[in-house]
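Below is one structure, written out as structure tokens; comments come after it.
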Amino acid sequence: MQNHRRNRRNKIWVPPRNLTTMMWKSLITNLLHLHHDKKSGKNSSWVCRRCSLLNMCGDTKCGMCDILDEGDDLGFQAGFQTALDDEARAPATWDPPGNKDASSGVRGFLVPRMPLLPDSMDATATARIMIKQLETLSTIFDDRLDLMVRPKRFQNSSFWNCPDRYSYVLKLMANILREKEAEPFVEPIDENEPPVGKPAYSSVIKHPLCFRQVVSSLTDKETENSRSDAGLQSSGELPSPGLMGWNMWNGKDLLQAIDLIFLNSLAFNGKSRTSRRVHTNRLRKVLWDGINDILSSHGSNVEARRRNTPIRRGETSGFVIYK
């Protein structure tokens, strides 16, 4: 039996030897919180909705950012604007808790900071925050802390769900969002202001999609179709009913969702050689070059490459447009 389950002779639990420092701190802190709750007869430790700090059951305010317990919506809203104001000055990750009073114990586990995405901002500012969100998630996967954010059903050994490769996909999406040409794809299409001479967007495109919806499925814990696990995990589900078979925690589905954003634009705007079409094709090439790079770097087995390559649809596909 593996050493991290049980030592037969001593009959004690032995942790795995390959835990990172961050994973050790998270493990120890969670055990302290569970012990505290059990001893006090309570089981209500809560996670701050702003900074992801795990607070003890008796705390009414977050020990890191002073926002009230998430059960108090007024307290959360009061701290929301302060959170936005602090965002530009905040570090990419939380530092370990400093000198704490010995009686208080360890107050939280070390989790990279997840920036908040407001309901409405200009596309440039929204893209900037989404890039930070993706970089934060990428750091979590690089540090093998994905168990804290990704639902268990996606923690498997499939090619694109490997933490290193999934992190690569997140970085690839962040790099695409850094491009100025990506800004038209940040927010949903406004159906109330269709382009002159064009039909309604939803009458042509089957599955409207934008980067906000994709990133939010990984960072927002409350979604319309949410079936997410408890804790820090988001559902990964997209708002479009026709895409319920996809989940953004699945690396292959995430790549296909990014591709669909570009396909929708190509299909709706037609084949005339406009600057929008040129820019869209260039961004799509960045995506597929990145996909092919990672596939090429992991062996030359033709069958494995075919199996791991996301579906590359065309803009006239019946999956993309109504026919």
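Considering each residue of region 163-208, count those that are more than 21 Å from the chain's Cα centre (by Cα), part of a loop (DSSP other than H, G, I, E, B) and of a type in the set (A, V, I, L, M), and give that number.
Matching residues across region 163-208 total 3.
Just one of 166, 201 is within 30 Å of residue 316 (Cβ to Cβ), among the hydroxyl-bearing types (Ser, Thr, Tyr) and in contact (Cβ under 8 Å) with a residue 40 or more places away in the chain; which is it?
Among 166, 201, only 201 is within 30 Å of residue 316 (Cβ to Cβ), among the hydroxyl-bearing types (Ser, Thr, Tyr) and in contact (Cβ under 8 Å) with a residue 40 or more places away in the chain.
Residue-wise test of (1) open to solvent by 40 Å² or more (accessible area, probe 1.4 Å); (2) modelled with pLDDT of 95 or more; (3) outside any loop (DSSP other than H, G, I, E, B).
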site: 227; (1), (2), (3): yes, no, no
site: 234; (1), (2), (3): no, no, no
site: 248; (1), (2), (3): no, yes, no
site: 262; (1), (2), (3): no, yes, yes
site: 280; (1), (2), (3): no, yes, yes
site: 284; (1), (2), (3): no, yes, yes
site: 287; (1), (2), (3): no, yes, yes
site: 291; (1), (2), (3): no, yes, yes
site: 300; (1), (2), (3): yes, no, no
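Just checking, which of 305, 276 is free of Cβ contacts under 8 Å to residues at least 12 places away in the same chain and surrounded by 13 or more Cβ atoms within 10 Å (Cβ to Cβ)?
That would be 305, the only listed residue that is free of Cβ contacts under 8 Å to residues at least 12 places away in the same chain and surrounded by 13 or more Cβ atoms within 10 Å (Cβ to Cβ).
Hey, could you check region 302-318 for residues that are part of a loop (DSSP other than H, G, I, E, B) and under 25 Å from the mean Cα position of the chain (by Cα) and say which is farthest from residue 171 (Cα to Cα)?
Taking the candidates together, the pick is 313.
Residue check, residue 241 against (1) under 21 Å from the mean Cα position of the chain (by Cα); (2) open to solvent by less than 60 Å² (accessible area, probe 1.4 Å), all met but one. Which one?
(2)
Select from region 139-162 the residues that are assigned to a helix (DSSP H, G or I) and in contact (Cβ under 8 Å) with a residue 40 or more places away in the chain and write down the one among them that is farthest from residue 308 (Cα to Cα).
Of everything passing the filter in region 139-162, 148 is farthest from residue 308 (Cα to Cα).
Restricting to region 293-310, give me the number of residues that are under 18 Å from residue 254 (Cα atoms) and of a type in the set (S, T, N, Q).
2
The values are calculated or read from the model by the stated rules, or taken from the named source; none is laboratory data. In this text, all values refer to a predicted model and were calculated from it rather than measured experimentally. FYI the Cβ positions are ideal-geometry reconstructions off the backbone, even for glycines, and counts take in every protein chain you see. Accessible surface is based on the protein model in full, side chains and every heavy atom, while ligands, DNA and RNA are left aside. Shrake-Rupley method; radii C 1.70, N 1.55, O 1.52, S 1.80 Å.
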